[in-house]
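Student: Can you read through this structure? Questions will come right after.
What follows draws every value from the coordinates through simple rules; no lab data is involved. The shown structure was predicted, so the numbers you read here are calculated from the model rather than taken from an experiment. For neighbour counting, all protein chains shown are included, and Cβ atoms are generated from backbone atoms with ideal geometry for every residue, glycine included.
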Amino acid sequence: MSFQDHFSTQASTYAKSRPTYPPALFAELARLAPGRSLAWDCGAGNGQASAGLAEFFERVVATEPSAAQLAEAVRHPRVSYVQSAELAPGIADGSADLVTAAQAAHWFNRGAFYAEVRRVLRPGGVVALWSYGICRIDPAVDELVHHFYAETVGPFWPPERRHVEAGYREFEFPFAEFVFPRAAIEHDWTADEFATYLRSWSATVRYATAHGADPVDALVAPLAAAWGPGRRHIVWPLAGRIGRA
């Protein structure tokens, strides 16, 4: 699979609106890894996971094929960003404690990626892939979001989206696997902030390109009515695969 660029056109929106991952997940990955010297975050996007990993690892190499995404990336003194797809140039053989792919592995040439994982991981090193799908807010809001997801922009999801919906369970995963840590993303957002997040979806952008209109615009009023004033608590359950080299 060659690089499929679904996010460069909305890189700024992506950087502003995408949820960040729970520190407890990174703490658990650091505990499982054989050391804390080096982590490789593949498909880093704007660095949502890379910056979180840097709180637990001495050095993080974050690779991302999109120059536009890298231009919006979170800066951190222990994170080095490199424009690359499934390869980790500059990481020596057998030197990484952890490899991660956050909301990205469904876009990869996984054969090439897994070969590079085996190359860079030290003995006992850990590889973790995870994703998040539809969120939970409350029944009234969830109904609107599910309709938008499945009906409004549903036909515009790339086929790889099915892997996210399946929680990566159907992936080949040639590592000694164990149970992925229980984790969820949680944020308190306003309706406007949530609408911006919806605009970062690849299917939303593809709809807008095809129809010449932003599909979120028609959702803003009913979403605000169901949301009410102030912030609402949002939960995105995480699903993934984790194993050792």
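Student: Using amide H atoms built 1.01 Å from N in the peptide plane, name the residues 5+ places from Gly125, or on other chains, whose amide H lies under 5 Å from its own.
Tutor: The answer is Ala245.
Student: Roughly how tilted is helix 110-120, in degrees to the nearest 10 and between 0 and 90, from the longest Cα axis of the chain?
Tutor: Approximately 40 degrees, to the nearest ten.
Student: Averaging sequence separations of C-alpha pairs under 8 Å and six or more residues apart, then dividing by the length of the stretch 149-245, give the relative contact order as a whole percent.
Tutor: Numbers: 100 pairs, mean separation 45.5, N = 97.
In percent, rounded to a whole number, it is 47.
Student: Taking amide H positions as placed 1.01 Å from N in the peptide plane, with prolines and chain starts having none, which residues 5 or more places from Thr100, or on another chain, fall under 5 Å of its amide H?
Tutor: Residues meeting the criterion, in which the H sits 1.01 Å from N, are Trp40, Asp41, Cys42, Ala128.
Student: What is the antiparallel percent of DSSP beta bridges lying wholly in the chain, to the nearest 5?
Tutor: 50 percent
Student: Quick one: net charge around Cys42, please, counting Lys, Arg +1 and Asp, Glu -1 for every other residue with C-beta under 10 Å from its C-beta.
Tutor: -4
Student: Calculate the dipole size of the chain relative to its Cα centre from +1 charges on Lys and Arg beta carbons and -1 charges on Asp and Glu beta carbons; express the result in debye to the nearest 20.
Tutor: Magnitude of the dipole: close to 580 debye.
Student: Volume per residue, Å³, of the convex hull around the alpha-carbon atoms of the stretch 8-244?
Tutor: Per residue, the Cα convex hull of the stretch 8-244 comes to 117 Å³.
Student: Hey, another quick one. Specify which residue in the list Leu129, Val216, Val205 is farthest towards the positive end of the charge dipole of the chain, using unit charges on the beta carbon of Lys, Arg (+1) and Asp, Glu (-1), about the Cα centre.
Tutor: Leu129
Student: Around Val117, with a cut-off of 14 angstrom between Cβ atoms, what is the net charge of the other residues, counting Lys and Arg +1 and Asp and Glu -1?
Tutor: Around Val117, the surrounding residues sum to -1.
Student: For the stretch 205-222, take each phi angle, set θ = phi - 60°, evaluate the Karplus expression 6.51 cos²θ - 1.76 cosθ + 1.60, and give the result in whole Hz per residue in order, putting x for glycine and proline.
Tutor: The phi angles translate into 5, 5, 4, 4, 5, 6, 9, x, 8, 7, x, 5, 3, 6, 8, 4, 5, x Hz.
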